[in-house]
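Working notes for the structure below.
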Amino acid sequence: MNSSSLVSRLDSLAAFGASNVAVDVLRLDLLHPVVSGNKWFKLKKYLSEAGKKTILTFGGAYSNHILATAAAANERGLQSIGIIRGEEPNDYSPTLLQALHNGMKLYFTSRDAYRHKSIPLAVYDNFSFEDLFIIPEGGYGAKGMEGAKDILLNNATGFYTHILSAAGTGTTLAGLTAAANERQQVIGISALKNNFSLTAAIRELLPAEKHHRFTVLYDYHFGGYARQNDELFYFMNLLYKKTAVPTDFVYTAKAFYAAFDLISKGFFKAEDRLLLVHTGGLQGNRSLSKGTLIFE
Ligand SMILES: *Cc1c(COP(=O)(O)O)cnc(C)c1O
């Protein structure tokens, strides 16, 4: 991976926040056409341990994790199974269609069964349990965290004082925190509403001495997971107009919005250097109606 090509400067927007904080973006969205952003890092340790087994994982109908797993497994010649939350829809989402296209077998399960992460019995008509390699929802776990460390370690990121990223399961944030140097602060922007257990979930993946090396901000969810409003779309379009950086409405737009809100509120000092991790996820924008965004 060529680190310099993945970092783009956002100084024009820092100015828009009336501050001289240096802001750069680590464009993980440019890494791979399908296995975008942080998902590639979170999956790689799991996949290298899977051997020849069939990959099984869990997610919703719009899940970036489901699609990334389908594509990454397919590239390695592995079969994959997606356990999808909720009834089988009449019309599959673009995410599910692309997962199918990448050879993933989909099984739909009730929300209740999904909550318990139980494997539908129908799976065992075609697969035996010993042949399955299970990746937890969102890649949460030590292997996901280990892989996510490379987001910082594979790139020249020691220069930054603050690393900011969107957070869902917190696996990525745990990896960033584990890899950050002593002078760096890691900030996570929760994409979910009131999921205050996130801080504990991240700590669980970290050694005790790193438990206070990150902060999660819970006030930038815009109404909840995958919720949005005109202000968010306005921000996404403005950001794109000024910097040509596209964002997704579920994760990265909320994280970047938070960054510029924090800058405008004086959260950072003038000499601080902020790295925004673009965790990808742009495929999710395909669920929006046409014309909402000025970019694809
Ligand atoms: C999955 C995802 C996240 C959340 O990552 P976690 O490791 O679960 O916190 C953030 N951004 C994007 C674009 C994602 O697809």
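The values are calculated or read from the model by the stated rules, or taken from the named source; none is laboratory data. In this text, all values refer to a predicted model and were calculated from it rather than measured experimentally. Every residue, glycine among them, receives a Cβ derived from its backbone with ideal geometry; neighbour counts consider all protein chains shown. Areas reflect the complete protein model, heavy atoms only, side chains present, ligands, DNA and RNA absent. Shrake-Rupley method; radii C 1.70, N 1.55, O 1.52, S 1.80 Å.
Of the residues Gly175, Gly170, the single one that is on the phi > 0 side of the Ramachandran plot, buried (at least 20 other Cβ atoms within 10 Å of the Cβ) and within 16 Å of the ligand (Cβ to nearest atom) is Gly170. Against the list (1) away from the ligand (no atom under 14 Å from the Cβ); (2) at pLDDT below 95, the condition Val245 fails is (1). Quick one: would you say Tyr257 is more than 13 Å from the ligand (Cβ to nearest atom), open to solvent by less than 60 Å² (accessible area, probe 1.4 Å), among the aromatic types (Phe, Trp, Tyr) and under 22 Å from the mean Cα position of the chain (by Cα)? Criteria met by Tyr257.
Yes or no, residue by residue, for (1) in a loop (DSSP other than H, G, I, E, B); (2) within 12 Å of the ligand (Cβ to nearest atom):
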site	(1), (2)
Leu106	no, no
Ile119	yes, no
Phe133	no, no
Ile151	no, yes
Phe159	yes, no
Ala166	no, yes
Asn194	yes, no
Ala201	no, yes
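Annotation: of all residues in segment 262-282 being part of a helix (DSSP H, G or I) and open to solvent by 30 Å² or more (accessible area, probe 1.4 Å), the one that is nearest to the ligand (Cβ to nearest atom) is Leu282.
Inspection of segment 38-53 finds no residue satisfying the criterion of being part of a strand (DSSP E or B) and either at pLDDT 95 or above or farther than 28 Å from Leu176 by Cα (or both).
Within segment 210-233, is even one residue among the small types (Gly, Ala, Ser), outside any helix (DSSP H, G or I) and surrounded by 14 or more Cβ atoms within 10 Å (Cβ to Cβ)? Within segment 210-233 (the criterion being among the small types (Gly, Ala, Ser), outside any helix (DSSP H, G or I) and surrounded by 14 or more Cβ atoms within 10 Å (Cβ to Cβ)), the answer is yes, since at least one residue qualifies.
For the subset of segment 27-37 comprising residues that are assigned to a loop (DSSP other than H, G, I, E, B) and within 11 Å of the ligand (Cβ to nearest atom), which member is modelled with the lowest pLDDT?
Ser36
The set of residues from segment 99-116 being in contact (Cβ under 8 Å) with a residue 24 or more places away in the chain, more than 20 Å from Gln79 (Cα to Cα) and open to solvent by 50 Å² or more (accessible area, probe 1.4 Å) comprises Ser110, Arg111.
Among the conditions (1) touching a residue at least 60 places away in the same chain (Cβ under 8 Å); (2) more than 10 Å from the ligand (Cβ to nearest atom), Phe214 misses just one, which is (1).
Suppose the filter is farther than 17 Å from Leu274 by Cα, open to solvent by 20 Å² or more (accessible area, probe 1.4 Å) and small (Gly, Ala, Ser); does Ser190 pass it? No, not satisfied.
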